[in-house]
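See structure below.
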Amino acid sequence: MLHSNRPILLALLLALSPALMALPSDKDAPVEIEADSADIDGKTNTTTYRGKVRISQGSMELQADKVVIEFEGRKPSILTATGNPARFRQKPEKDKGWVTGQGKTIVYRINSEELVLTGDAVLTQNDDSFRSDRIVYDRVKARLKAGAAAEGSERVKVIIHPQDTP
């Protein structure tokens, strides 16, 4: 029974938002941002980082060519990372493998806790992977969509390697 649910569980584990997947200590770690340039626009309430952008907080790390953060008041509401590809990784637990994701665009809607990867989107943990042109995970609804279900145009490809059994 558990084995038949493994693809669904794997997909959910791989696609969880950064706040959910982080080590408990990550939320208390400082956010560090490195980029070739930063443009803060008070009129549009956005901050744009360009050129080898790296954002980290504890075990979480995002790398992209460009990151735009939209604010509502002083709180970030939407983070959009673009690259060829944009990448993120984080450690869900000390004894678990890294969760990595990539796509040409990664959008994290902080208020709704929705994560959208588009353009050769891939989510991976250990050797298991989930691929499509578009992957959407809604953490509030605990719902993962990929391919046509996520308004994408490519088929979904899931690769799950057998677990070692004692």
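None of the figures in this text is laboratory data; all of them are computed from the coordinates on show. Computed from a predicted structure; not experimentally measured. Glycine also receives a Cβ, built like all others from the backbone with ideal geometry; neighbour counts cover every protein chain displayed.
Of note:
- Neighbourhood net charge (10 Å Cβ-Cβ; Lys/Arg +1, Asp/Glu -1) for A81: +2
- All C-alpha to C-alpha distances of the stretch 66-116, sorted into 5 Å bins beginning at zero, yield P(r) values of 5, 19, 22, 21, 18, 11, 3, 0 percent in whole numbers.
- Each of D28 and I159 was given a label point 7 Å from its Cα along the Cα-to-Cβ line. The distance between the two points is 3.9 nm.
- Proximal aspartates and glutamates relative to K157, as straight alpha-carbon distance under 19 Å, when same-chain residues fewer than 8 apart are discounted: D120, D127, D128, D133
- Ordering of 60-69, 95-104 by packing is 60-69, 95-104, highest average first (other Cβ atoms within 10 Å, averaged per residue).
- Filter on K94/K145; K43/K75; K75/K104 - keep pairs with C-alpha separation over 23 Å: K94/K145; K75/K104
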